[in-house]
Amino acid sequence: MTPAPVLSIRGLTKTYASGLQALKSVDLDIGRGEIFALLGPNGAGKTTLISIVCGLVTPSTGEIQAAGHDIVRDYRRARSKIGLVPQELYTDAFERVIDTVTFSRGVFGRSRNPAYVEKVLRDLSLWDKRNEKIKELSGGMKRRVMIAKALSHEPEILFLDEPTAGVDVELRRDMWNLVRQLRESGVTIILTTHYIEEAEEMADRVGVIRKGELILVEEKTKLMQKLGKKQLTLNLSDPMTAIPAELAEWKLAIQADGNELLYTFDATAERTGIPSLLRRMSDLGIGFKDLHTRESSLEDIFVDLVTERNAA
Amino acid sequence: MSASVFNAHGVWAIYKFEMHRFKRTLWTGLAVPVITTSLYFVVFGSAIGSRMTEINGIPYGSFIVPGLMMLSLFTESIFNASFGIHMPRFTGTIYEILSAPLSALETVLGYVGAAATKSMTVALVILLTANLFVDVHVEHPFLMLLFLILIAATFCLFGFIVGIWAKGFEQLQVIPLLVVTPLTFLGGSFYSIEMLPEPWRTITLFNPIVYLINGFRWTFFGTSDVPVLWSLLATSAFFLICLAVVFWIFRTGYRLKS
(Lines give C-alpha, C1' and ligand atoms only; values in the text may rest on other atoms or scores of the structure.)
Protein backbone atom coordinates (compact mmCIF):
# COMPACT_ATOMS: atom_id res chain seq x y z
CA MET A 1 0.00 0.00 0.00
CA THR A 2 1.42 3.38 -1.00
CA PRO A 3 -0.60 6.20 0.50
CA ALA A 4 -0.72 9.53 -1.40
CA PRO A 5 2.23 11.66 -0.26
CA VAL A 6 1.36 14.46 2.13
CA LEU A 7 4.91 15.73 1.92
CA SER A 8 6.95 15.59 -1.24
CA ILE A 9 10.57 16.72 -1.41
CA ARG A 10 12.44 16.90 -4.72
CA GLY A 11 16.09 17.69 -5.36
CA LEU A 12 16.52 19.53 -2.08
CA THR A 13 19.99 20.93 -1.41
CA LYS A 14 21.31 23.38 1.13
CA THR A 15 24.69 25.00 1.28
CA TYR A 16 25.10 27.48 4.12
CA ALA A 17 26.87 30.82 3.67
CA SER A 18 29.82 29.29 5.53
CA GLY A 19 30.21 26.84 2.62
CA LEU A 20 28.94 23.87 4.64
CA GLN A 21 26.90 21.59 2.40
CA ALA A 22 24.21 20.41 4.80
CA LEU A 23 22.00 18.61 2.26
CA LYS A 24 23.00 16.96 -1.01
CA SER A 25 19.98 16.48 -3.25
CA VAL A 26 17.36 14.89 -1.03
CA ASP A 27 14.24 13.29 -2.54
CA LEU A 28 11.59 12.02 -0.18
CA ASP A 29 7.86 11.26 -0.14
CA ILE A 30 5.96 10.89 3.10
CA GLY A 31 2.56 9.19 3.03
CA ARG A 32 -0.48 10.64 4.74
CA GLY A 33 -0.91 9.29 8.24
CA GLU A 34 2.45 7.59 8.53
CA ILE A 35 5.06 7.89 11.21
CA PHE A 36 8.40 8.49 9.59
CA ALA A 37 11.63 8.44 11.55
CA LEU A 38 14.63 10.29 10.24
CA LEU A 39 17.74 8.75 11.74
CA GLY A 40 21.23 10.06 11.59
CA PRO A 41 24.22 11.06 13.65
CA ASN A 42 24.60 14.62 14.92
CA GLY A 43 25.27 17.07 12.13
CA ALA A 44 23.90 14.75 9.43
CA GLY A 45 21.35 17.29 8.21
CA LYS A 46 18.17 16.19 10.02
CA THR A 47 17.38 19.57 11.55
CA THR A 48 18.31 21.41 8.35
CA LEU A 49 15.82 19.27 6.43
CA ILE A 50 13.02 19.96 8.92
CA SER A 51 13.89 23.65 9.15
CA ILE A 52 13.61 24.05 5.38
CA VAL A 53 10.18 22.40 5.25
CA CYS A 54 8.97 24.63 8.10
CA GLY A 55 10.31 27.85 6.58
CA LEU A 56 13.13 28.54 9.04
CA VAL A 57 15.93 27.95 6.56
CA THR A 58 15.95 28.92 2.89
CA PRO A 59 16.77 26.00 0.57
CA SER A 60 19.53 26.39 -2.03
CA THR A 61 17.64 24.37 -4.65
CA GLY A 62 14.70 21.99 -4.76
CA GLU A 63 10.94 21.93 -4.42
CA ILE A 64 8.73 20.92 -1.53
CA GLN A 65 4.98 20.33 -1.47
CA ALA A 66 3.25 20.10 1.89
CA ALA A 67 -0.40 18.95 1.88
CA GLY A 68 -0.42 19.76 -1.84
CA HIS A 69 0.91 23.31 -1.48
CA ASP A 70 4.31 24.60 -2.55
CA ILE A 71 6.10 25.78 0.60
CA VAL A 72 7.48 28.89 -1.11
CA ARG A 73 4.84 30.01 -3.63
CA ASP A 74 1.88 29.06 -1.43
CA TYR A 75 3.56 29.36 1.94
CA ARG A 76 0.42 30.46 3.77
CA ARG A 77 -1.55 27.31 2.97
CA ALA A 78 1.47 25.04 3.30
CA ARG A 79 2.57 26.41 6.67
CA SER A 80 -0.93 26.39 8.12
CA LYS A 81 -0.86 22.58 7.69
CA ILE A 82 2.47 22.11 9.44
CA GLY A 83 3.29 21.99 13.13
CA LEU A 84 6.85 22.05 14.47
CA VAL A 85 8.23 21.00 17.82
CA PRO A 86 11.87 22.10 17.81
CA GLN A 87 14.59 20.27 19.64
CA GLU A 88 15.33 23.09 22.09
CA LEU A 89 12.84 24.30 24.68
CA TYR A 90 12.11 27.75 23.31
CA THR A 91 9.45 29.28 25.54
CA ASP A 92 8.20 32.65 26.73
CA ALA A 93 9.03 32.25 30.41
CA PHE A 94 6.56 34.84 31.70
CA GLU A 95 3.54 33.70 29.70
CA ARG A 96 0.83 31.43 31.06
CA VAL A 97 0.46 28.01 29.43
CA ILE A 98 -3.02 28.70 28.06
CA ASP A 99 -1.98 32.10 26.67
CA THR A 100 1.03 30.77 24.83
CA VAL A 101 -1.03 28.00 23.21
CA THR A 102 -3.80 30.45 22.25
CA PHE A 103 -1.11 32.76 20.82
CA SER A 104 0.26 29.95 18.64
CA ARG A 105 -3.20 29.22 17.25
CA GLY A 106 -3.59 32.91 16.40
CA VAL A 107 -0.27 33.37 14.60
CA PHE A 108 -1.11 30.34 12.47
CA GLY A 109 -4.20 32.19 11.30
CA ARG A 110 -6.90 30.24 13.12
CA SER A 111 -9.82 31.88 14.90
CA ARG A 112 -10.18 31.38 18.64
CA ASN A 113 -11.40 27.96 19.72
CA PRO A 114 -11.16 27.58 23.50
CA ALA A 115 -12.75 24.11 23.35
CA TYR A 116 -10.04 22.80 21.02
CA VAL A 117 -7.24 24.42 23.06
CA GLU A 118 -8.73 22.78 26.16
CA LYS A 119 -8.72 19.40 24.43
CA VAL A 120 -5.06 19.75 23.42
CA LEU A 121 -4.09 20.77 26.95
CA ARG A 122 -6.07 17.90 28.47
CA ASP A 123 -4.54 15.36 26.05
CA LEU A 124 -1.10 16.52 27.14
CA SER A 125 -1.99 16.53 30.86
CA LEU A 126 -1.45 20.30 30.91
CA TRP A 127 -4.98 21.42 31.75
CA ASP A 128 -4.28 21.65 35.50
CA LYS A 129 -1.22 23.77 34.75
CA ARG A 130 -2.97 26.08 32.28
CA ASN A 131 -2.72 29.17 34.48
CA GLU A 132 0.88 28.63 35.51
CA LYS A 133 3.70 30.64 34.05
CA ILE A 134 5.94 28.58 31.79
CA LYS A 135 9.04 29.39 33.85
CA GLU A 136 7.44 27.56 36.79
CA LEU A 137 7.16 24.27 34.86
CA SER A 138 9.59 21.36 34.82
CA GLY A 139 11.55 20.53 31.68
CA GLY A 140 9.18 17.68 30.81
CA MET A 141 6.15 19.94 31.17
CA LYS A 142 7.80 22.59 29.01
CA ARG A 143 8.29 19.94 26.34
CA ARG A 144 4.56 19.22 26.52
CA VAL A 145 3.82 22.94 26.15
CA MET A 146 5.94 22.98 22.98
CA ILE A 147 3.88 20.10 21.60
CA ALA A 148 0.61 21.80 22.58
CA LYS A 149 1.74 24.93 20.73
CA ALA A 150 2.57 22.89 17.63
CA LEU A 151 -0.85 21.20 17.73
CA SER A 152 -2.83 24.36 18.49
CA HIS A 153 -3.69 25.08 14.85
CA GLU A 154 -4.74 21.51 14.01
CA PRO A 155 -1.85 20.69 11.65
CA GLU A 156 -1.90 17.76 9.22
CA ILE A 157 1.85 17.26 9.40
CA LEU A 158 3.74 17.34 12.68
CA PHE A 159 7.52 17.56 12.91
CA LEU A 160 9.10 16.40 16.13
CA ASP A 161 12.78 17.24 16.24
CA GLU A 162 14.41 14.93 18.79
CA PRO A 163 11.19 14.76 20.86
CA THR A 164 12.64 12.71 23.67
CA ALA A 165 16.14 14.13 23.93
CA GLY A 166 16.84 14.64 27.63
CA VAL A 167 13.40 13.38 28.63
CA ASP A 168 12.85 10.85 31.41
CA VAL A 169 11.61 7.33 30.70
CA GLU A 170 8.04 7.99 31.83
CA LEU A 171 7.63 11.05 29.66
CA ARG A 172 9.19 9.19 26.74
CA ARG A 173 6.54 6.47 27.03
CA ASP A 174 3.83 9.15 27.28
CA MET A 175 5.24 10.84 24.22
CA TRP A 176 5.18 7.61 22.23
CA ASN A 177 1.56 7.03 23.23
CA LEU A 178 0.69 10.56 22.22
CA VAL A 179 2.33 10.12 18.83
CA ARG A 180 0.27 6.98 18.24
CA GLN A 181 -2.93 8.77 19.24
CA LEU A 182 -2.11 11.61 16.87
CA ARG A 183 -1.55 9.20 14.04
CA GLU A 184 -4.92 7.63 14.74
CA SER A 185 -6.48 11.07 14.38
CA GLY A 186 -4.92 11.30 10.90
CA VAL A 187 -1.83 13.43 11.60
CA THR A 188 1.33 12.55 9.72
CA ILE A 189 4.34 12.51 11.99
CA ILE A 190 7.94 13.01 11.01
CA LEU A 191 10.40 12.69 13.84
CA THR A 192 14.13 12.91 13.98
CA THR A 193 15.96 10.97 16.56
CA HIS A 194 19.24 9.40 17.34
CA TYR A 195 17.60 7.03 19.79
CA ILE A 196 17.16 4.04 17.54
CA GLU A 197 14.88 2.52 20.12
CA GLU A 198 12.44 5.31 19.43
CA ALA A 199 12.32 4.65 15.71
CA GLU A 200 12.10 0.91 16.30
CA GLU A 201 9.23 1.42 18.71
CA MET A 202 7.14 3.79 16.66
CA ALA A 203 8.07 4.32 13.05
CA ASP A 204 6.37 2.82 10.02
CA ARG A 205 9.25 3.83 7.82
CA VAL A 206 12.79 4.84 8.50
CA GLY A 207 15.10 7.14 6.59
CA VAL A 208 18.79 7.21 7.37
CA ILE A 209 20.60 10.45 6.67
CA ARG A 210 24.34 10.78 6.73
CA LYS A 211 26.44 13.77 5.75
CA GLY A 212 23.48 15.42 4.02
CA GLU A 213 22.50 12.37 2.00
CA LEU A 214 19.49 10.19 2.49
CA ILE A 215 21.31 6.89 2.22
CA LEU A 216 18.30 4.69 2.82
CA VAL A 217 14.50 4.87 3.08
CA GLU A 218 12.72 1.66 3.95
CA GLU A 219 9.79 0.26 5.83
CA LYS A 220 11.01 -0.56 9.27
CA THR A 221 9.95 -4.22 9.25
CA LYS A 222 11.43 -4.82 5.79
CA LEU A 223 14.62 -3.09 6.79
CA MET A 224 14.96 -5.26 9.83
CA GLN A 225 14.31 -8.37 7.76
CA LYS A 226 16.59 -7.37 4.94
CA LEU A 227 19.52 -6.07 6.86
CA GLY A 228 18.84 -7.82 10.11
CA LYS A 229 21.27 -10.49 11.17
CA LYS A 230 20.91 -13.25 13.67
CA GLN A 231 23.65 -14.29 15.95
CA LEU A 232 24.20 -17.59 17.71
CA THR A 233 26.30 -17.54 20.84
CA LEU A 234 27.75 -20.80 22.15
CA ASN A 235 29.07 -20.96 25.72
CA LEU A 236 31.95 -23.44 25.48
CA SER A 237 32.69 -26.13 28.05
CA ASP A 238 36.43 -25.50 27.69
CA PRO A 239 37.96 -22.18 26.65
CA MET A 240 39.48 -22.00 23.19
CA THR A 241 42.46 -19.90 22.06
CA ALA A 242 42.07 -20.22 18.28
CA ILE A 243 39.32 -21.35 15.93
CA PRO A 244 40.14 -24.76 14.42
CA ALA A 245 40.66 -24.75 10.64
CA GLU A 246 37.77 -27.24 10.30
CA LEU A 247 35.36 -24.52 11.44
CA ALA A 248 36.74 -21.80 9.13
CA GLU A 249 33.76 -21.83 6.71
CA TRP A 250 31.36 -20.51 9.40
CA LYS A 251 33.49 -17.40 10.00
CA LEU A 252 33.20 -17.68 13.74
CA ALA A 253 34.45 -15.18 16.27
CA ILE A 254 35.86 -15.90 19.72
CA GLN A 255 34.74 -13.72 22.60
CA ALA A 256 34.64 -13.63 26.39
CA ASP A 257 38.28 -14.78 26.75
CA GLY A 258 37.75 -17.83 24.60
CA ASN A 259 34.66 -18.95 26.51
CA GLU A 260 32.18 -18.07 23.75
CA LEU A 261 31.90 -18.67 20.03
CA LEU A 262 29.84 -16.24 17.98
CA TYR A 263 28.23 -17.27 14.71
CA THR A 264 26.49 -14.60 12.59
CA PHE A 265 24.00 -15.82 10.00
CA ASP A 266 21.41 -14.48 7.61
CA ALA A 267 18.02 -14.85 9.23
CA THR A 268 16.20 -14.99 5.91
CA ALA A 269 18.43 -17.61 4.21
CA GLU A 270 16.99 -21.06 3.64
CA ARG A 271 19.93 -22.75 5.24
CA THR A 272 21.25 -21.10 8.35
CA GLY A 273 24.22 -23.41 8.69
CA ILE A 274 23.48 -24.07 12.35
CA PRO A 275 22.88 -27.88 12.23
CA SER A 276 26.05 -28.47 10.20
CA LEU A 277 28.10 -26.27 12.56
CA LEU A 278 26.85 -28.16 15.60
CA ARG A 279 27.54 -31.54 13.92
CA ARG A 280 31.09 -30.51 12.99
CA MET A 281 31.73 -29.26 16.53
CA SER A 282 30.51 -32.57 17.94
CA ASP A 283 32.84 -34.45 15.50
CA LEU A 284 35.73 -32.33 16.76
CA GLY A 285 34.80 -32.97 20.37
CA ILE A 286 34.08 -29.31 21.15
CA GLY A 287 31.40 -29.25 23.81
CA PHE A 288 29.16 -26.36 24.86
CA LYS A 289 27.14 -25.69 28.00
CA ASP A 290 24.57 -23.30 26.62
CA LEU A 291 23.52 -21.50 23.50
CA HIS A 292 21.27 -18.60 22.55
CA THR A 293 20.38 -16.63 19.44
CA ARG A 294 19.53 -12.97 19.10
CA GLU A 295 18.20 -10.87 16.27
CA SER A 296 19.93 -7.60 15.51
CA SER A 297 18.02 -4.51 16.49
CA LEU A 298 17.50 -1.46 14.34
CA GLU A 299 20.35 0.04 16.29
CA ASP A 300 22.79 -2.61 15.09
CA ILE A 301 21.58 -2.13 11.52
CA PHE A 302 21.97 1.62 11.81
CA VAL A 303 25.45 1.43 13.27
CA ASP A 304 26.44 -1.00 10.51
CA LEU A 305 25.06 1.27 7.83
CA VAL A 306 26.73 4.39 9.09
CA THR A 307 30.08 2.76 9.81
CA GLU A 308 30.16 0.81 6.52
CA ARG A 309 29.60 3.99 4.57
CA ASN A 310 32.13 5.77 6.69
CA ALA A 311 34.70 3.16 5.81
CA ALA A 312 33.78 3.28 2.12
CA MET B 1 -10.93 38.05 5.69
CA SER B 2 -9.60 34.62 4.85
CA ALA B 3 -6.26 33.67 6.41
CA SER B 4 -5.03 32.66 2.96
CA VAL B 5 -5.09 36.33 1.89
CA PHE B 6 -4.38 38.25 5.09
CA ASN B 7 -3.58 36.64 8.41
CA ALA B 8 -5.54 39.03 10.64
CA HIS B 9 -5.61 36.52 13.50
CA GLY B 10 -1.83 36.38 13.36
CA VAL B 11 -1.43 40.18 13.48
CA TRP B 12 -3.86 40.39 16.40
CA ALA B 13 -2.09 37.56 18.27
CA ILE B 14 1.29 39.32 18.03
CA TYR B 15 -0.23 42.70 18.91
CA LYS B 16 -1.97 41.28 21.96
CA PHE B 17 1.16 39.38 23.04
CA GLU B 18 3.22 42.56 22.90
CA MET B 19 0.58 44.68 24.66
CA HIS B 20 0.40 42.01 27.35
CA ARG B 21 4.15 42.31 27.79
CA PHE B 22 3.76 46.08 28.27
CA LYS B 23 0.92 45.54 30.73
CA ARG B 24 3.23 43.56 32.99
CA THR B 25 5.31 46.70 33.47
CA LEU B 26 2.41 49.15 33.13
CA TRP B 27 3.00 51.18 36.30
CA THR B 28 6.71 51.68 35.84
CA GLY B 29 6.07 52.27 32.13
CA LEU B 30 3.75 55.17 32.95
CA ALA B 31 5.36 56.44 36.15
CA VAL B 32 8.69 57.03 34.40
CA PRO B 33 7.37 59.53 31.81
CA VAL B 34 5.26 61.32 34.43
CA ILE B 35 8.21 61.72 36.81
CA THR B 36 10.65 62.63 34.02
CA THR B 37 8.28 65.26 32.62
CA SER B 38 7.77 66.75 36.06
CA LEU B 39 11.55 66.92 36.52
CA TYR B 40 11.99 68.66 33.16
CA PHE B 41 9.43 71.24 34.18
CA VAL B 42 11.13 71.81 37.51
CA VAL B 43 14.57 72.19 35.89
CA PHE B 44 13.83 73.72 32.49
CA GLY B 45 10.46 75.31 33.14
CA SER B 46 10.99 76.87 36.53
CA ALA B 47 14.75 77.28 36.96
CA ILE B 48 15.80 78.16 33.40
CA GLY B 49 12.42 79.15 31.98
CA SER B 50 12.02 81.97 34.49
CA ARG B 51 15.01 83.68 32.83
CA MET B 52 13.94 82.87 29.25
CA THR B 53 10.39 84.23 29.19
CA GLU B 54 9.27 83.64 25.58
CA ILE B 55 10.44 82.02 22.33
CA ASN B 56 8.65 83.17 19.16
CA GLY B 57 5.97 84.62 21.39
CA ILE B 58 5.38 81.30 23.22
CA PRO B 59 6.04 80.97 26.96
CA TYR B 60 9.14 78.78 27.43
CA GLY B 61 7.32 76.19 29.56
CA SER B 62 4.76 75.56 26.80
CA PHE B 63 7.43 75.74 24.07
CA ILE B 64 9.29 72.66 25.37
CA VAL B 65 6.18 70.41 25.58
CA PRO B 66 6.29 69.13 21.96
CA GLY B 67 10.06 68.58 22.29
CA LEU B 68 9.58 66.60 25.49
CA MET B 69 6.91 64.48 23.84
CA MET B 70 9.17 63.83 20.85
CA LEU B 71 12.17 62.93 23.00
CA SER B 72 10.14 60.24 24.76
CA LEU B 73 8.40 59.16 21.57
CA PHE B 74 11.76 58.53 19.87
CA THR B 75 13.36 56.61 22.72
CA GLU B 76 10.22 54.66 23.69
CA SER B 77 9.51 53.70 20.07
CA ILE B 78 13.03 52.48 19.42
CA PHE B 79 13.30 50.69 22.75
CA ASN B 80 9.89 48.95 22.60
CA ALA B 81 10.13 47.86 19.00
CA SER B 82 13.76 46.74 19.17
CA PHE B 83 13.19 44.81 22.39
CA GLY B 84 9.96 43.28 21.02
CA ILE B 85 11.71 41.58 18.09
CA HIS B 86 15.09 41.08 19.77
CA MET B 87 13.62 39.12 22.68
CA PRO B 88 12.22 36.24 20.55
CA ARG B 89 15.51 36.13 18.67
CA PHE B 90 17.35 35.90 21.98
CA THR B 91 15.09 33.24 23.54
CA GLY B 92 14.65 31.31 20.28
CA THR B 93 10.85 31.64 20.23
CA ILE B 94 11.16 33.45 16.89
CA TYR B 95 11.02 29.99 15.28
CA GLU B 96 7.27 30.11 15.68
CA ILE B 97 6.86 33.48 13.93
CA LEU B 98 9.15 32.37 11.08
CA SER B 99 7.31 29.08 10.59
CA ALA B 100 3.85 30.68 10.78
CA PRO B 101 1.80 31.68 7.72
CA LEU B 102 2.66 35.34 8.27
CA SER B 103 3.88 37.79 5.64
CA ALA B 104 6.47 40.47 6.39
CA LEU B 105 3.70 43.06 6.47
CA GLU B 106 1.65 41.12 9.00
CA THR B 107 4.62 40.45 11.28
CA VAL B 108 5.60 44.13 11.19
CA LEU B 109 2.01 45.30 11.76
CA GLY B 110 1.84 43.19 14.91
CA TYR B 111 5.16 44.18 16.46
CA VAL B 112 5.39 47.77 15.24
CA GLY B 113 1.68 48.41 15.84
CA ALA B 114 2.01 47.39 19.49
CA ALA B 115 5.25 49.32 20.05
CA ALA B 116 3.74 52.44 18.43
CA THR B 117 0.61 52.13 20.59
CA LYS B 118 2.74 52.13 23.70
CA SER B 119 5.04 54.98 22.71
CA MET B 120 2.07 57.16 21.65
CA THR B 121 0.40 56.43 24.98
CA VAL B 122 3.53 57.60 26.78
CA ALA B 123 3.67 60.77 24.63
CA LEU B 124 0.04 61.55 25.43
CA VAL B 125 0.65 60.92 29.15
CA ILE B 126 3.46 63.48 28.94
CA LEU B 127 1.05 65.95 27.32
CA LEU B 128 -1.45 65.43 30.14
CA THR B 129 1.27 65.78 32.80
CA ALA B 130 2.57 68.95 31.13
CA ASN B 131 -0.93 70.37 31.34
CA LEU B 132 -0.61 70.27 35.12
CA PHE B 133 2.36 72.66 34.95
CA VAL B 134 1.72 74.91 31.98
CA ASP B 135 -1.07 75.86 29.66
CA VAL B 136 -0.80 73.78 26.47
CA HIS B 137 -3.01 74.64 23.58
CA VAL B 138 -2.97 72.46 20.46
CA GLU B 139 -3.85 74.51 17.42
CA HIS B 140 -4.12 71.62 14.92
CA PRO B 141 -5.13 68.53 16.97
CA PHE B 142 -5.73 66.25 13.96
CA LEU B 143 -2.42 67.12 12.37
CA MET B 144 -0.81 66.68 15.78
CA LEU B 145 -2.17 63.13 15.91
CA LEU B 146 -1.11 62.51 12.31
CA PHE B 147 2.46 63.59 13.08
CA LEU B 148 2.39 61.56 16.29
CA ILE B 149 1.28 58.39 14.48
CA LEU B 150 3.67 58.88 11.55
CA ILE B 151 6.68 59.58 13.76
CA ALA B 152 5.82 56.76 16.18
CA ALA B 153 5.44 54.31 13.27
CA THR B 154 8.73 55.50 11.73
CA PHE B 155 10.77 55.18 14.92
CA CYS B 156 9.17 51.82 15.74
CA LEU B 157 10.16 50.58 12.28
CA PHE B 158 13.63 51.93 12.96
CA GLY B 159 13.63 50.16 16.33
CA PHE B 160 12.50 46.94 14.65
CA ILE B 161 15.53 47.20 12.34
CA VAL B 162 17.82 47.84 15.32
CA GLY B 163 16.32 44.80 17.11
CA ILE B 164 17.11 42.56 14.15
CA TRP B 165 20.54 44.07 13.55
CA ALA B 166 21.66 43.94 17.20
CA LYS B 167 23.69 40.93 18.21
CA GLY B 168 23.12 41.48 21.92
CA PHE B 169 21.26 43.59 24.42
CA GLU B 170 24.06 46.13 24.72
CA GLN B 171 23.84 46.85 20.99
CA LEU B 172 20.15 47.63 21.43
CA GLN B 173 21.19 50.64 23.53
CA VAL B 174 23.91 51.92 21.20
CA ILE B 175 21.77 53.60 18.53
CA PRO B 176 19.27 55.31 20.86
CA LEU B 177 21.96 56.54 23.26
CA LEU B 178 24.71 57.48 20.84
CA VAL B 179 22.71 58.69 17.85
CA VAL B 180 19.09 59.52 18.57
CA THR B 181 19.34 61.21 21.98
CA PRO B 182 22.20 63.59 20.95
CA LEU B 183 20.43 64.45 17.68
CA THR B 184 17.23 65.12 19.61
CA PHE B 185 18.93 67.42 22.12
CA LEU B 186 20.75 69.22 19.29
CA GLY B 187 17.59 69.26 17.17
CA GLY B 188 15.84 72.07 19.00
CA SER B 189 13.78 70.10 21.51
CA PHE B 190 14.28 72.76 24.15
CA TYR B 191 15.16 75.84 22.09
CA SER B 192 14.49 77.48 18.76
CA ILE B 193 17.31 76.96 16.26
CA GLU B 194 16.91 80.66 15.47
CA MET B 195 18.69 81.19 18.81
CA LEU B 196 21.86 79.48 17.55
CA PRO B 197 24.78 81.50 16.09
CA GLU B 198 26.12 80.67 12.64
CA PRO B 199 27.57 78.26 11.51
CA TRP B 200 25.71 76.04 14.02
CA ARG B 201 22.35 77.17 12.75
CA THR B 202 23.10 75.98 9.19
CA ILE B 203 24.73 72.77 10.42
CA THR B 204 21.64 72.01 12.50
CA LEU B 205 19.51 72.07 9.34
CA PHE B 206 21.23 68.80 8.35
CA ASN B 207 19.88 67.12 11.47
CA PRO B 208 16.70 65.29 10.37
CA ILE B 209 15.30 65.45 13.90
CA VAL B 210 14.96 69.25 13.54
CA TYR B 211 12.27 68.72 10.93
CA LEU B 212 10.36 66.18 13.00
CA ILE B 213 10.33 68.33 16.13
CA ASN B 214 9.48 71.54 14.28
CA GLY B 215 6.66 69.95 12.33
CA PHE B 216 5.21 68.59 15.54
CA ARG B 217 5.65 71.92 17.32
CA TRP B 218 3.90 73.70 14.46
CA THR B 219 0.75 71.61 15.11
CA PHE B 220 0.73 73.09 18.65
CA PHE B 221 1.59 76.75 18.08
CA GLY B 222 1.35 77.36 14.34
CA THR B 223 4.98 78.56 14.27
CA SER B 224 8.06 76.64 13.19
CA ASP B 225 11.77 77.17 12.45
CA VAL B 226 11.43 75.33 9.11
CA PRO B 227 8.50 75.14 6.64
CA VAL B 228 5.97 72.54 7.87
CA LEU B 229 5.80 70.93 4.43
CA TRP B 230 9.51 70.14 4.68
CA SER B 231 8.82 68.57 8.05
CA LEU B 232 6.12 66.36 6.59
CA LEU B 233 8.35 65.39 3.66
CA ALA B 234 11.31 64.59 5.92
CA THR B 235 9.12 62.48 8.22
CA SER B 236 7.56 60.63 5.28
CA ALA B 237 10.98 60.06 3.69
CA PHE B 238 12.39 58.59 6.90
CA PHE B 239 9.28 56.40 7.20
CA LEU B 240 9.67 55.08 3.65
CA ILE B 241 13.39 54.39 4.11
CA CYS B 242 12.71 52.36 7.26
CA LEU B 243 9.89 50.51 5.52
CA ALA B 244 12.17 49.64 2.59
CA VAL B 245 14.89 48.34 4.93
CA VAL B 246 12.37 46.17 6.83
CA PHE B 247 11.12 44.62 3.58
CA TRP B 248 14.70 44.01 2.47
CA ILE B 249 15.29 42.22 5.80
CA PHE B 250 12.35 39.89 5.23
CA ARG B 251 13.16 39.31 1.58
CA THR B 252 16.75 38.32 2.27
CA GLY B 253 16.15 36.80 5.71
CA TYR B 254 18.94 39.02 7.09
CA ARG B 255 19.78 37.75 10.61
CA LEU B 256 16.47 35.89 10.64
CA LYS B 257 17.03 32.91 8.36
CA SER B 258 20.14 31.03 7.33
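Details
- Single condition A:ALA17 does not satisfy, out of (1) assigned to a loop (DSSP other than H, G, I, E, B); (2) surrounded by fewer than 22 Cβ atoms within 10 Å (Cβ to Cβ); (3) touching a residue at least 24 places away in the same chain (Cβ under 8 Å): (3)
- For first residues located in region B:8-31 and within 10 Å of another protein chain (Cβ to nearest Cβ), partners that are at pLDDT 90 or above and surrounded by fewer than 17 Cβ atoms within 10 Å (Cβ to Cβ) and lie 6+ apart or on another chain with Cβ distances below 7 Å form the pairs B:HIS9/A:SER111; B:ARG24/A:PHE94.
- A search for C-beta distances below 8 Å between a residue of region B:47-59 that is surrounded by 10 or more Cβ atoms within 10 Å (Cβ to Cβ) and any residue that is assigned to a loop (DSSP other than H, G, I, E, B) and among the aliphatic types (A, V, I, L, M), counting only pairs 6+ apart in sequence or on different chains, returns B:PRO59/B:VAL134.
- Residue within region A:130-143 that is modelled with pLDDT of 95 or more, more than 13 Å from chain B (Cβ to nearest Cβ), touching a helix residue (DSSP H, G or I) at 6+ places or on another chain (Cβ under 7 Å) and assigned to a helix (DSSP H, G or I) present: no
- With respect to the conditions (1) within 17 Å of A:PRO155 (Cα to Cα); (2) within 9 Å of chain B (Cβ to nearest Cβ), A:ASP70 lacks only one, and its number is (2).
- In region A:163-203, the residues that are touching a residue at least 40 places away in the same chain (Cβ under 8 Å), crowded, with 17+ Cβ neighbours inside 10 Å and touching a Lys or Arg at 6+ places or on another chain (Cβ under 8 Å): A:PRO163, A:THR188, A:ILE189, A:THR192, A:GLU198, A:ALA199, A:GLU200, A:MET202, A:ALA203
- Filtering region A:84-101 to residues that are within 9 Å of another protein chain (Cβ to nearest Cβ), more than 20 Å from B:ARG89 (Cβ to Cβ) and in contact with a helix residue (DSSP H, G or I) (Cβ under 6 Å, 6 or more places away or on another chain) leaves nothing.
- The helices (runs of 4 or more DSSP H) falling completely within region A:25-127 that include 2 or more residues that are in contact (Cβ under 8 Å) with a residue 60 or more places away in the chain and either in the same structural domain as A:LEU158 (by TED's automatic domain parsing) or buried (at least 16 other Cβ atoms within 10 Å of the Cβ) (or both) map to A:46-54.
- Restricting attention to region A:190-226, the residues that are part of a strand (DSSP E or B) and of a type in the set (Lys, Arg) add up to 2.
The values are calculated or read from the model by the stated rules, or taken from the named source; none is laboratory data. Remember, predicted model here, so these are calculated numbers, not experimental data. Note that we place each Cβ from the backbone using ideal geometry, even for glycine, and neighbour counts take in every protein chain shown.
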